Every structure is written in C-alpha cells, then in structure tokens.
C-alpha cells in the first residue's frame, strides 16, 4: 500500500479539521462530514465522537473506501481498523491537539468508548 508523504502527514496533522466522505456502492462519494483528525507517527487517524453508531462512521466502515480533504491535501483512502495497541498514542495525540476545547469535547474522542470507533486512513493508489 502507498504511504503518506512527509508533506501530506505534516499538512493533515496540522489541520484542525478533516473532511471525510465515504464511497457509495456505485463509486460516487457521499457528502463531506467534518471531523477531527490526528497524526501518530506515519499514520493518520479519525474517531467518531458519537461512537460506532454515528452514520458517517457506519458508512465508512461498510464501504471501506472514501476521500479525505485536510490542510490542502485531498486523497482517496481506505478506512482500516486501528490496532489495539495504538489507542493510547491516539488518545495522547487527541489531547495534545484538542485539549484547548475543554474536557467535555475532547472526552468524546478519547478513552475506551472512542477507541472502538477509530479508523486509520490509508492512502489508495499511487
């Protein structure tokens, strides 16, 4: 699988928000949903603030494919489950990036409940 470039990682990692759209069965994209994103090492992650029942999350998991836009980067991606041992680092990244919004808001994307609704974004194609 292709990897993120250093430039893409930097731009997406620095962006406060990411637009995410899952792919429909016919190959077209659904409308963008704006969410928070974090970079951990050479990976980009997103979490559903309202758990795995959130419609955008369910559609992303069902399709496995989509497109993201953040920091001037637009990329077709695969949605992959995050590894269980990555969740502590993902929590720390969300805290470091978004704690300025307060514990109630950040609390929706950290911890065990949020971990179950975490996707790693993997670039598609070259």
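Here, each number is a calculation from the coordinates, and none is a lab measurement. Model, not experiment: these values are computed from the prediction. Cβ placement follows ideal geometry from the backbone for every residue including glycine, while neighbour counts extend to all protein chains displayed.
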Q. What residue among 66, 13, 31 shows peak mean-square fluctuation when the chain is described by a Gaussian network model with Cα springs under 10 Å?
A. 31
Q: Could you check the simple spin-label distance between residue 6 and residue 62, using points 7 Å along Cα→Cβ, in nm with one decimal?
A: 4.1 nm
(Q) Using Cβ contacts closer than 10 Å as the measure, can you line up 75, 19 from fewest to most? (A) 19, 75
Q: State the volume of the convex hull built on the alpha-carbon positions of region 12-59, expressed per residue in Å³ and rounded to an integer.
A: 89 Å³
Q | Calculated diffusion of region 54-126, Stokes-Einstein form, Kirkwood radius summed over Cα pairs, 10 °C and 1.306 mPa s, µm²/s | A | 118 µm²/s
Q | Zone of residue 124's modelled label, taken as backbone nitrogen in region 25-48 under 13 Å from a point 7 Å along Cα→Cβ | A | 25-30
Q. Can you give the calculated 222 nm mean residue ellipticity of the chain, where each DSSP H run of n ≥ 4 adds -39,500 (n - 2.57) and the sum is split over every residue, rounded to the nearest 500 deg cm²/dmol?
A. -8000 deg cm²/dmol
